[in-house]
1. Scanning segment 100-149 for residues that are under 15 Å from the mean Cα position of the chain (by Cα) and acidic (Asp, Glu), which turns out nearest to Asp87 (Cα to Cα)?
2. Collect the residues in segment 1-50 that are in contact with a helix residue (DSSP H, G or I) (Cβ under 7 Å, 6 or more places away or on another chain) and among the polar types (S, T, N, Q), keeping them in residue-number order.
3. Any idea which residue in segment 94-126 is modelled with the lowest pLDDT, counting only those that are under 18 Å from Phe67 (Cα atoms) and among the β-branched types (Val, Ile, Thr)?
4. Within segment 131-144, which residues are of a type outside the set (D, E, K, R), at negative phi and either assigned to a loop (DSSP other than H, G, I, E, B) or surrounded by 13 or more Cβ atoms within 10 Å (Cβ to Cβ) (or both)?
5. So in segment 18-63, with the set limited to residues that are without any contact (Cβ under 8 Å) to a residue 12 or more places away in the chain, in a loop (DSSP other than H, G, I, E, B) and not aliphatic (A, V, I, L, M), which one is surrounded by the most Cβ atoms within 10 Å (Cβ to Cβ)?
Amino acid sequence: MNEALLRLAKGKKPACKVVAVSTSQEEIGTRGAITSAHLADPDVALAVDVSHATDHPDADHRKFGAFTLGGGPILTRGPNVHPAVFDRLMDCAEKEGMPVQIEADPRPTGTDARAIQIARNGVPTGLVGIPLRYMHTPSEVIDLNDLEAVVQLLVSFARSLRKGEKFA
């Protein structure tokens, strides 16, 4: 998220090096994430993607859960998400006073997080979702307040890191 990078460049600098990439071909095998994660070789990573907002009549809550526009970022728990990274994201959200929504994903996610997590010797990875209504249609809708909250969360997470910090 470019806006998070712009904000990190102003004011208090993070104590660690921050690298951001925008990938392609996530939908057909996470190809961009595979090569980017290998090249960047991060100590910790956050994947940012859209997540299903299910606050509309046609939503299948049994399949996707109950997530709303305006409810804040969606943080995923599951096999592609390192528990300590998830906990840090939750701590940062609490520090910022922002609501978050929790998504449980019992199998590999359909996001770049699944490729980043297994890059090289493994990368502690978190997954931050922007609630999106009507995914994969011509009329996708987000709440700009959710987008702003995601930016604030990314900035807070980056500033919380310390040089050489390891997630165990």
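1. By that ranking, first place goes to Glu103.
2. Hits for segment 1-50 are Thr23, Ser24, Gln25, Thr30.
3. That would be Thr109.
4. Pro131, Leu132, Met135, Thr137, Pro138, Ser139, Val141, Ile142
5. Ranking the qualifying residues of segment 18-63, first place goes to Gln25.
The values are calculated or read from the model by the stated rules, or taken from the named source; none is laboratory data. Everything numeric here is computed off the predicted structure, so don't read it as measured data. Please note: Cβ atoms are built from the backbone with ideal geometry, for glycine as well, and neighbour counts cover all protein chains shown.
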